[in-house]
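Beneath this line is the structure, given in C-alpha cells, with notes to follow.
The values are calculated or read from the model by the stated rules, or taken from the named source; none is laboratory data. Just so it is clear, the model here is predicted, and its values are computed rather than measured. Backbone-built Cβ (ideal geometry, glycine too); neighbour counts: all protein chains shown. Just the protein is used for accessible areas: all its heavy atoms, side chains included, with ligands, DNA and RNA removed. Shrake-Rupley method; radii C 1.70, N 1.55, O 1.52, S 1.80 Å.
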Amino acid sequence: MAFAAMPSPLSVTFLLFLLLLGASFYTIEAREPFACDPKDATTKGLPFCLASLKVEDRVKDLIGRLTLQEKVKLLVSGAAAVPRLGIKGYEWWSEALHGVSNVGPGTKFGGDFPGATSFPQVITTAASFNASLWESIGRSVSQVVSDEARAMYNGGVAGLTYWSPNVNIFRDPRWGRGQETPGEDPVLVGKYAASYVRGLQGNDGNRLKVAACCKHFTAYDLDNWNGVDRYHFNAKVSKQDIVDTFDVPFKMCVKEGKVASVMCSYNQVNGVPTCADPNLLKKTVRGVWGLDGYIVSDCDSVGVYYTQQHYTSTPEEAAADAVKAGLDLDCGPFLGVHTEDAVKKGLLNEEDVNTALANTLNVQVRLGMFDGEPSKHPFGNLGPKDVCTPAHQELALESARQGIVLLKNRGPSLPLSTRRYRTVAVIGPNSNVTNTMIGNYAGVACGYTSPLQGIGRYIKTIHQQGCADVTCADDKLFGAAVNVASQADATILVVGLDQTIEAEFKDRAGLVLPGRQQELVSKVAAASKGPTILVLMSGGPIDVAFAKNDPRIPAILWTGYPGQAGGAAIADILFGAYNPGGKLPMTWYPQDYLKNLPMTTMAMRSSQSTGYPGRTYRFYKGPVVYPFGYGISYTKYVHTIASAPTVISIPLDGRHARGNTTTSGKAIRVTHAKCNRLSIGVQVDVRNKGSRDGSHTLLVFSTPPAGHWVPHKQLVAFEKVHVPARAQRRVLINIHVCKYLSVVDKSGIRRIPMGLHSLHIGDTKHSVSIQEAKLGVIKS
C-alpha cells in the first residue's frame, strides 16, 4: 500500500482555512430566508417577524394579514408562496424514519449531499430495547438524524418537518409495513416513539430543531391483503382495544414526547374516516392529550374518503368535514382546491380555516422559519461536513449490533473461531445485498458493508447466492451452493425477505421463507462440511421451525434490516467481536397461526367460543416459533430481586375517597386514583456468570389478577444494563402503577385491578398485592 507524502504544516493550515471558509460561505449563502428577510423593507418590523414576541402573537398577526385565497393555499403540503408578505413556498413532506429519507418531495439528494447516515430499520433498532440508543439516534453527542436534517435544510435540499416515526402496532405478522414499527407491544412502541421524537425535536424549550410526526392515527395496520386495501378498509375496533392497544403509543408520543404533529390514516375506524373524525382528532389528540402542533392527513386521504370511500356527496363537504374535525394540513392538493368553495357555500367558517393555519404556523415559527437569516439560527452552522461523519456512521454500526437477535446457539457453535475455521462458504439471496439492508422509507446511504464484505474482513470466503433473489423461483443455483458448502470449513446462509415481499402496499401471503429458500437451506445444511449458521434478514417474523429443529443448523441470527453497516455488524457478532443482546420485539408465529385469521379482523383478545386465537403475546397463548422478548447471548445472566414491595395501597382522589363509586369488579378507575408519584421500585441484581462482557435487557412483565378480559401478561418496564464478565450490577426499575399496572375494561375505562399482580423478570417471579388505601394511607 502506497502512502502519499505528508503535507507541510503551512499547507495544512491553509487547507483548514479554505475548509472553514467554504463551510462559512456555504451556511451563509446556501439558503435564503423562508420569510422575514432582513433585507426586505416591506416586512421588516412587522409583528410576525419579531422573534421577541410570543409565538401565538406572531401567528395571530400573520393570519390577520392573509386573504382567504392565500389561506387555503397554505392548507396543503406544497404550500404556496405569499410574495406580498415575503413568504416563500414550502414543501411540508419530508421523512426521517431511520435517517433522512428521499421519500417525499421535501428532500433531494445530490451535489453537496450525496447521502445521509442510514440506520437500521426501526424494527431492528427496537430490538435493542435500549431507550438511550433510540434517543441518541436523534439527539445526544452525535445528534445524528436531526443534525443531518438541519444541515440539509441549510443547504436548500430538505425541509424541517419530518413525518416520522411510524408508531402503529405490529398487530398482524403479515403486515408489509411492520418493519417500520417498533413492534407489537404498545408500551414498547410508545417508549420508542417518545424517545425518538424528543431526540429529533431537541430540548430547547418551545423551539424545535426539526418537527417530528407520529403516524398513522389510528388502527392502521393493513395495506393490501386478499383484495382489501387501506383506501377502502373499515377497521371495526372495540373501545377496549382502542384505549388498551391502538391509542397507547400515540398518547405517549403526544404527552411524553411532545411531538409537533400527528398524522391521520387512510382507513375508516368504525365507519368514519380517521381524517374526518372530530372524536379522534379534535377531541382526543388535541383536547384530551393536548397536542401542541398540527394534524396532517396521510397523502390524499381527504380525496380518498371522497372519491373512493364515498363518505361525502361533494368535495366541498369532504373539505369541510376534515377541517372541522381538526385536520390542519392536507398532504396533497384537495384542501387547496375545495376549501374556499366550502366556505362560500357555508359549509365551513373562515375561523375554522384560521384555527387550522394557527396550528401549522405555530410549528413553523417554533422552527425559526420566520426568524430571518437561516445562518444565524441556533443550527445555522450545520452543513455538508455534518452529514455522514465517522461518528454518525459508527453509531449506525452500533445500532445494528445492538438490534441483532441470537435465536439459537447449540453447542455453542458461535462465535466462530478463525483459528478453527479457515474458509467459510457464504450463501443465500441476501448474502451480498446492500440496499436491502436499509428497508423502506430510507434515503441514500453514506456507503454499505454487505454481509459478504463484513464476513470477508474476518476470514476467507467462498460465495454463491444459491437463489437469484429472495423469490427463489427455481433450484438452478442450488448445485453450486451445495458444492461450496461441502468444501468450506463452515457455512453461513443469509436468507429472508426484502421489499418485493413485504413493503408499503404489499402485505405478506404467509410466514414461511419465500419460494424455495427453505429447500436451499436444508440442502446446503445437509451437505455442509462444518456447522451451518442461518442468518435471517426480514422485517416481519418468519416460521423457521424447520431450522430451529434441525441439528445440522446449530445457530440462527435475526438481523431485521440492519442498515448501511449491517454486514459489519453481522460479522462482528458471528466472530465474537460483539456479544449479542437483542430481543424480539414481536412474536414469531407458526404458519398455522394464519388459518382462518383474516387480517381484517381487528380484535386483540382471543375467543374460545369462536376459536379466534387472539393477537400478540398479550392475548395469544398458542404455540410459537419464538416468543416476544426472546433472545440469547454468548454469556449467561442470572436475576435476583434484591428488594421490592409486597403491598401497595392506592390512595383515592378526594372527591372519590368515600363510597363505592370508584370500583367495578374490584378495580379502581385510574381517573379516581391519586396517580402522581405512585410507583413501585424494584431493585434487581443481574449477574453475568460467563466469561464475556455483555449488555443485557431486563424485561419486566406483569400478570394482572385473573379476569377474562385482562392480558395474559403485559410489558411494564425494560432496562438495558452492561455487565462485565463474572460481575454483578444492581438495576433500579420504577413501575408507574396507574400507567403500567392498569388494564382497560370492555367500556374502554382504564382501571387498576385489586389483588395480586405477578411481576416476571426472566425466570424470577415476585407478587405485589394492590389494594385500596384506607383514608389515603399508602403502605409498603
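Pick from 510, 539, 479: which is open to solvent by less than 10 Å² (accessible area, probe 1.4 Å) and of a type outside the set (S, T, N, Q)?
Values: 510 fails: open to solvent by less than 10 Å² (accessible area, probe 1.4 Å); 479 fails: open to solvent by less than 10 Å² (accessible area, probe 1.4 Å).
The match here is 539.
Exactly one condition in (1) within 12 Å of the chain's Cα centre (by Cα); (2) buried (at least 24 other Cβ atoms within 10 Å of the Cβ); (3) acidic (Asp, Glu); (4) within 20 Å of residue 398 (Cβ to Cβ) is not met by residue 180; state its number.
Going through (1) within 12 Å of the chain's Cα centre (by Cα); (2) buried (at least 24 other Cβ atoms within 10 Å of the Cβ); (3) acidic (Asp, Glu); (4) within 20 Å of residue 398 (Cβ to Cβ) one by one, residue 180 breaks only (4).
Taking the options 121, 143, name whichever one is open to solvent by 10 Å² or more (accessible area, probe 1.4 Å) and polar (S, T, N, Q).
Working: 121 fails: open to solvent by 10 Å² or more (accessible area, probe 1.4 Å).
That would be 143, the only listed residue that is open to solvent by 10 Å² or more (accessible area, probe 1.4 Å) and polar (S, T, N, Q).
Can you pull out the residues in the range 543-566 that are under 27 Å from residue 97 (Cα atoms), of a type outside the set (Val, Ile, Thr) and open to solvent by less than 10 Å² (accessible area, probe 1.4 Å)?
557, 558, 560, 561, 562, 563, 564, 566
Test each condition in (1) closer than 17 Å to residue 641 by Cα; (2) surrounded by fewer than 17 Cβ atoms within 10 Å (Cβ to Cβ); (3) in contact with a strand residue (DSSP E or B) (Cβ under 7 Å, 6 or more places away or on another chain) for residue 763 and report the one that comes out false.
Failed condition: (3).
Considering only the range 573-587, I want to know if a residue exists there that is closer than 25 Å to residue 244 by Cβ, hydroxyl-bearing (Ser, Thr, Tyr) and in contact (Cβ under 8 Å) with a residue 24 or more places away in the chain. Steps first, answer last, please.
Step one: list which residues in the range 573-587 are closer than 25 Å to residue 244 by Cβ, which gives 583-587.
Remaining after also requiring hydroxyl-bearing (Ser, Thr, Tyr): 587.
Now narrow it down to the ones that are in contact (Cβ under 8 Å) with a residue 24 or more places away in the chain: 587.
For the range 573-587, residues closer than 25 Å to residue 244 by Cβ, hydroxyl-bearing (Ser, Thr, Tyr) and in contact (Cβ under 8 Å) with a residue 24 or more places away in the chain: present.
When you check residue 380 against the structure, is it farther than 30 Å from residue 536 by Cβ, assigned to a loop (DSSP other than H, G, I, E, B) and in contact with a helix residue (DSSP H, G or I) (Cβ under 7 Å, 6 or more places away or on another chain), yes or no? Don't jump to the end; show me each part of the working.
Working: farther than 30 Å from residue 536 by Cβ: yes; assigned to a loop (DSSP other than H, G, I, E, B): yes; in contact with a helix residue (DSSP H, G or I) (Cβ under 7 Å, 6 or more places away or on another chain): yes.
Yes: the conditions hold for residue 380.
Which of (1) open to solvent by less than 60 Å² (accessible area, probe 1.4 Å); (2) out of contact with any strand residue (DSSP E or B) (no Cβ under 7 Å at 6 or more places or on another chain); (3) over 21 Å from residue 187 (Cβ atoms); (4) of a type outside the set (A, V, I, L, M, F, W, C) does residue 748 not meet, given it meets every other one?
Every condition holds for residue 748 apart from (3).
Among all residue pairs at least 6 apart or on different chains, which show Cβ distances below 6 Å where the first residue, located in the range 352-379, is in contact (Cβ under 8 Å) with a residue 60 or more places away in the chain and the second is open to solvent by 10 Å² or more (accessible area, probe 1.4 Å) and among the hydroxyl-bearing types (Ser, Thr, Tyr)?
Within 6 Å, the pairs are 375/27.
Please indicate, with yes or no, whether at least one residue in the range 461-469 is at pLDDT 95 or above, touching a helix residue (DSSP H, G or I) at 6+ places or on another chain (Cβ under 7 Å) and in a loop (DSSP other than H, G, I, E, B).
Residues of the range 461-469 that are at pLDDT 95 or above, as a first pass: 461-469.
When the remaining residues are screened for being touching a helix residue (DSSP H, G or I) at 6+ places or on another chain (Cβ under 7 Å), the result is 461-464, 466-467.
Then drop every residue that is not in a loop (DSSP other than H, G, I, E, B), which leaves 466-467.
Within the range 461-469 (the criterion being at pLDDT 95 or above, touching a helix residue (DSSP H, G or I) at 6+ places or on another chain (Cβ under 7 Å) and in a loop (DSSP other than H, G, I, E, B)), the answer is yes, since at least one residue qualifies.
For the range 210-250, name all the residues that are under 16 Å from residue 163 (Cα atoms) and not aliphatic (A, V, I, L, M).
Pass one, the range 210-250, residues under 16 Å from residue 163 (Cα atoms): 210-218, 220, 249-250.
Matches in the range 210-250: 213, 214, 215, 216, 217, 218, 220, 249, 250.
Looking only at residues in the range 625-655 that are charged (D, E, K, R) and either at pLDDT 95 or above or assigned to a loop (DSSP other than H, G, I, E, B) (or both), which one is farthest from residue 702 (Cα to Cα)? Break it down into steps so the answer makes sense when it comes.
In the first step, residues of the range 625-655 are kept if they are charged (D, E, K, R); the result is 636, 653, 655.
Next, from what is left, pick out any that are either at pLDDT 95 or above or assigned to a loop (DSSP other than H, G, I, E, B) (or both): 636, 653.
Details: 636: 23, 653: 25 Å.
It comes out as 653.
Of all residues being open to solvent by less than 20 Å² (accessible area, probe 1.4 Å) and of a type in the set (A, V, I, L, M) in the range 236-251, which is farthest from the chain's Cα centre (by Cα)? Just the residue, please.
Among those that are open to solvent by less than 20 Å² (accessible area, probe 1.4 Å) and of a type in the set (A, V, I, L, M), it is 237.
Testing residue 403 on (1) more than 25 Å from residue 99 (Cβ to Cβ); (2) buried (at least 17 other Cβ atoms within 10 Å of the Cβ); (3) in contact with a helix residue (DSSP H, G or I) (Cβ under 8 Å, 6 or more places away or on another chain), one condition comes back false. Which one is that?
Condition (1) is where residue 403 drops out.
If you scan the range 599-617, which residues turn out to be under 19 Å from residue 235 (Cα atoms), touching a residue at least 40 places away in the same chain (Cβ under 8 Å) and outside any loop (DSSP other than H, G, I, E, B)? Quick ask: steps written out before the conclusion?
Within the range 599-617, the subset under 19 Å from residue 235 (Cα atoms) is 599-607, 612-616.
Of the ones still in play, those that are also touching a residue at least 40 places away in the same chain (Cβ under 8 Å) are 599-600, 602-605, 615-616.
Selection gives 616 alone.
So which of 761, 735 is without any contact (Cβ under 8 Å) to a residue 60 or more places away in the chain and under 28 Å from the mean Cα position of the chain (by Cα)?
735 is the lone residue from the list that is without any contact (Cβ under 8 Å) to a residue 60 or more places away in the chain and under 28 Å from the mean Cα position of the chain (by Cα).
Would you be able to say whether some residue in the range 197-216 is within 16 Å of the chain's Cα centre (by Cα), modelled with pLDDT under 95, farther than 21 Å from residue 329 by Cα and open to solvent by 30 Å² or more (accessible area, probe 1.4 Å)?
yes
Kindly provide the set of residues from the range 718-745 that are aliphatic (A, V, I, L, M), under 24 Å from residue 650 (Cβ atoms) and open to solvent by less than 30 Å² (accessible area, probe 1.4 Å), ordered by number.
Within the range 718-745, 733, 735, 737, 741, 743, 744 meet the criteria.
Would you call residue 408 among the basic types (Lys, Arg), within 17 Å of residue 521 (Cα to Cα) and buried (at least 21 other Cβ atoms within 10 Å of the Cβ)?
Numbers: among the basic types (Lys, Arg): yes; within 17 Å of residue 521 (Cα to Cα): yes; buried (at least 21 other Cβ atoms within 10 Å of the Cβ): yes.
Judged against the criteria, residue 408 is a match.
Within the range 355-368, does at least one residue satisfy the condition of being out of contact with any Asp or Glu (no Cβ under 9 Å at 6 or more places or on another chain) and not in a helix (DSSP H, G or I)?
Within the range 355-368, one or more residues are out of contact with any Asp or Glu (no Cβ under 9 Å at 6 or more places or on another chain) and not in a helix (DSSP H, G or I).
Filter the range 288-314 down to the residues that are in contact with a helix residue (DSSP H, G or I) (Cβ under 9 Å, 6 or more places away or on another chain), of a type outside the set (A, V, I, L, M) and under 17 Å from residue 261 (Cβ atoms), then identify the one that is most open to solvent (accessible area, probe 1.4 Å).
292
Within the range 443-460, how many residues turn out to be open to solvent by 40 Å² or more (accessible area, probe 1.4 Å) and part of a loop (DSSP other than H, G, I, E, B)?
Of the residues in the range 443-460, 5 are open to solvent by 40 Å² or more (accessible area, probe 1.4 Å) and part of a loop (DSSP other than H, G, I, E, B).
Determine, yes or no, whether residue 265 is among the polar types (S, T, N, Q), out of contact with any Pro (no Cβ under 7 Å at 6 or more places or on another chain) and over 24 Å from residue 366 (Cβ atoms).
Details: among the polar types (S, T, N, Q): yes; out of contact with any Pro (no Cβ under 7 Å at 6 or more places or on another chain): yes; over 24 Å from residue 366 (Cβ atoms): yes.
Spelling it out, residue 265 is indeed among the polar types (S, T, N, Q), out of contact with any Pro (no Cβ under 7 Å at 6 or more places or on another chain) and over 24 Å from residue 366 (Cβ atoms).
Among 658, 687, which is more than 27 Å from the chain's Cα centre (by Cα), modelled with pLDDT under 95 and either hydroxyl-bearing (Ser, Thr, Tyr) or open to solvent by 60 Å² or more (accessible area, probe 1.4 Å) (or both)? Outline the logic, then answer.
Details: 687 fails: modelled with pLDDT under 95.
Answer to the check: 658.
Quick one: which helices (runs of 4 or more DSSP H) sit completely within the range 50-160 and have at least 3 residues that are over 16 Å from residue 392 (Cβ atoms), basic (Lys, Arg) and touching a residue at least 24 places away in the same chain (Cβ under 8 Å)?
Details: elements: 55-65, 68-72, 122-126, 131-138, 144-154.
Of the helices (runs of 4 or more DSSP H) lying wholly inside the range 50-160, none has at least 3 residues that are over 16 Å from residue 392 (Cβ atoms), basic (Lys, Arg) and touching a residue at least 24 places away in the same chain (Cβ under 8 Å).
Within the range 320-339, restricting attention to residues that are surrounded by fewer than 21 Cβ atoms within 10 Å (Cβ to Cβ) and either touching a residue at least 60 places away in the same chain (Cβ under 8 Å) or in contact with a strand residue (DSSP E or B) (Cβ under 7 Å, 6 or more places away or on another chain) (or both), which residue is nearest to residue 297 (Cα to Cα)?
From the range 320-339, those surrounded by fewer than 21 Cβ atoms within 10 Å (Cβ to Cβ) are 324, 332-333, 336-337; that's our starting set.
Remaining after also requiring either touching a residue at least 60 places away in the same chain (Cβ under 8 Å) or in contact with a strand residue (DSSP E or B) (Cβ under 7 Å, 6 or more places away or on another chain) (or both): 332-333, 336.
Values: 332: 9, 333: 11, 336: 13 Å.
Across the range 320-339, the extreme among qualifying residues is 332.
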